[in-house]
Amino acid sequence: MAFLQLRGVEKFFGPHRAIKGVDLSIEPGEFIVFVGPSGCGKSTLLRLIAGLEHIDGGSLHLDGRDITRLPSAKRDLAMVFQSYALYPHMSVFDNMSFALKLAGVDKATIKDKVEHAAKTLNLERYLHRTPRELSGGQRQRVAIGRAIVRSPKVFLFDEPLSNLDAALRGQTRVEIAKLHRELGATTIYVTHDQVEAMTLADRVVVLRDGAIEQVGSPLELYDRPANQFVAQFIGTPQMNLLAAEAVPQFGTDGGSRVPPGGSVGVRPEAVFVRPRGAGRLQARVELVEALGADTLIHAEAGGVQLIARQSERTQLRPGDEIGVDIDASALHFFDRDGRALRP
Ligand code: ATP
């Protein structure tokens, strides 16, 4: 049995089946990220593991112990919330030590653990402040510190960075990655942020309508999506999707590998913009997004909408005529039900 084992986990909210028989094996030290569209059940699945929701079917085992019916406090897990959930009137030190005090841990050990966590998180200077006297990023670090001092078997994070601005988000994301490298603690992390999922995860779990679509390393999901849903969910901007019939005009026989009703996917970095007249297909620029390091060129080619990503800057403007090629070796093929077809 895996370190954390989910078997046939079910959750109903009234008649709504929010989690549909989820099986998942998590190994010690893994950083697992749950992603999926809004309402797919990411938070619910995390809360079931945490023991914050009643489980309606299936089982949960942690480190060989059946925790399915165990109250949250006895599961040996620590959860970090988006809202931080700090005690506003308590100092940082007291916030971080609260759970240990409740557990009857002696004062010297508490001091040791809190100071060590504070050092790890760069919070030493703030131990006597209250949360109100801290920035959002510092508060989130306190919330993480409060989890660390308990040395739980698993860390659970529910969109921990979503209240931070973009710069701080990036910074805190890097800190969480470093922290995981240092502590090696098993972690489950819910986010709707692609970059967080791709950069933090050992394995990403893609959820849709309460069920798992695919589990894999970030690059496995990117390079070998199991289906059209995962292919279009992972990657920004989305993978371009063409009807199979539209593919021959790109000069590849790729389309013939797809049964009727199927489709062909091509990532924006595998679409190449050529000068007018060059390229397999003629196209018209609809929008140019200069992102700095990257440029996204949206174009219409033979009735197909395509996005090309290139690292070169461009003088192109909407309305310009261009040529387009696609990298025939980088195509993804899907049957009419959206399942990936492998060569
Ligand atoms: P988001 O990214 O928007 O936070 P999510 O993937 O975390 O979404 P959940 O919050 O887990 O999704 O919700 C899954 C489904 O269960 C949704 O359809 C939601 O409306 C429903 N749901 C969640 N909590 C409750 C509840 N307490 N009562 C009723 N329905 C709920």
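Would it be correct to say that Thr44 is over 30 Å from Thr130 (Cβ atoms), under 27 Å from the mean Cα position of the chain (by Cα) and away from the ligand (no atom under 12 Å from the Cβ)? First the steps, then the outcome.
Details: over 30 Å from Thr130 (Cβ atoms): yes; under 27 Å from the mean Cα position of the chain (by Cα): yes; away from the ligand (no atom under 12 Å from the Cβ): no.
The answer is no for Thr44.
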Check your understanding: How many residues does region 263-295 contain that are more than 20 Å from Ala328 (Cα to Cα), assigned to a strand (DSSP E or B) and not charged (D, E, K, R)?
Key -> 5
Exercise for review: For region 128-145, enumerate the residues that are part of a helix (DSSP H, G or I) and either surrounded by fewer than 19 Cβ atoms within 10 Å (Cβ to Cβ) or under 25 Å from the mean Cα position of the chain (by Cα) (or both).
Suggested key: Arg132, Glu133, Gly136, Gly137, Gln138, Arg139, Gln140, Arg141, Val142, Ala143, Ile144, Gly145
Practice item. Can you work out which of the residues in region 18-31 that are within 15 Å of the ligand (Cβ to nearest atom) and among the β-branched types (Val, Ile, Thr) is nearest to Gly58 (Cα to Cα)? Key: Val22
Review point. Among the residues of region 7-20, is any closer than 25 Å to His180 by Cα and assigned by TED's automatic domain parsing to the domain that holds Arg141?
Key: no
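Quick one: which of Met96, Met1, Met79 is within 22 Å of Arg203 (Cβ to Cβ) and in contact with a helix residue (DSSP H, G or I) (Cβ under 6 Å, 6 or more places away or on another chain)?
On the way: Met96 fails: within 22 Å of Arg203 (Cβ to Cβ); Met1 fails: in contact with a helix residue (DSSP H, G or I) (Cβ under 6 Å, 6 or more places away or on another chain).
Exactly one of Met96, Met1, Met79 is within 22 Å of Arg203 (Cβ to Cβ) and in contact with a helix residue (DSSP H, G or I) (Cβ under 6 Å, 6 or more places away or on another chain), namely Met79.
Does Gly210 satisfy being on the phi > 0 side of the Ramachandran plot, in the same structural domain as Gly41 (by TED's automatic domain parsing) and crowded, with 18+ Cβ neighbours inside 10 Å? Before the answer, list the steps.
On the way: on the phi > 0 side of the Ramachandran plot: yes; in the same structural domain as Gly41 (by TED's automatic domain parsing): yes; crowded, with 18+ Cβ neighbours inside 10 Å: yes.
Yes, satisfied.
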Practice item. Just name the residue that is farthest from Ala99 (Cα to Cα) out of those in region 150-199 that are among the β-branched types (Val, Ile, Thr) and surrounded by fewer than 18 Cβ atoms within 10 Å (Cβ to Cβ). Key: Val195
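Yes or no, residue by residue, for (1) at pLDDT 85 or above; (2) part of a loop (DSSP other than H, G, I, E, B):
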| position | (1), (2) |
| --- | --- |
| Glu213 | yes, no |
| Tyr222 | yes, no |
| Phe229 | yes, no |
| Gln232 | yes, no |
| Gly235 | yes, yes |
| Pro260 | no, yes |
Point to revise | One residue from Asp335, Asp253 being among the acidic types (Asp, Glu) and either crowded, with 17+ Cβ neighbours inside 10 Å or at pLDDT 95 or above (or both) | key: Asp335
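Table: residues versus (1) at pLDDT 90 or above; (2) over 24 Å from the mean Cα position of the chain (by Cα); (3) surrounded by fewer than 18 Cβ atoms within 10 Å (Cβ to Cβ).
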{"site": "Ala290", "(1), (2), (3)": "yes, yes, yes"}
{"site": "Ile297", "(1), (2), (3)": "yes, yes, no"}
{"site": "Gln305", "(1), (2), (3)": "yes, yes, yes"}
{"site": "Ser311", "(1), (2), (3)": "yes, yes, yes"}
{"site": "Pro318", "(1), (2), (3)": "yes, yes, yes"}
{"site": "Glu321", "(1), (2), (3)": "yes, yes, yes"}
{"site": "Ser329", "(1), (2), (3)": "no, yes, yes"}
{"site": "Ala340", "(1), (2), (3)": "yes, no, yes"}
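The values are calculated or read from the model by the stated rules, or taken from the named source; none is laboratory data. Since this is a predicted model, take the numbers as computed values, not measurements. Because the Cβ atoms are built from the backbone with ideal geometry, glycine has one as well, and the counts that use them run over all protein chains shown.
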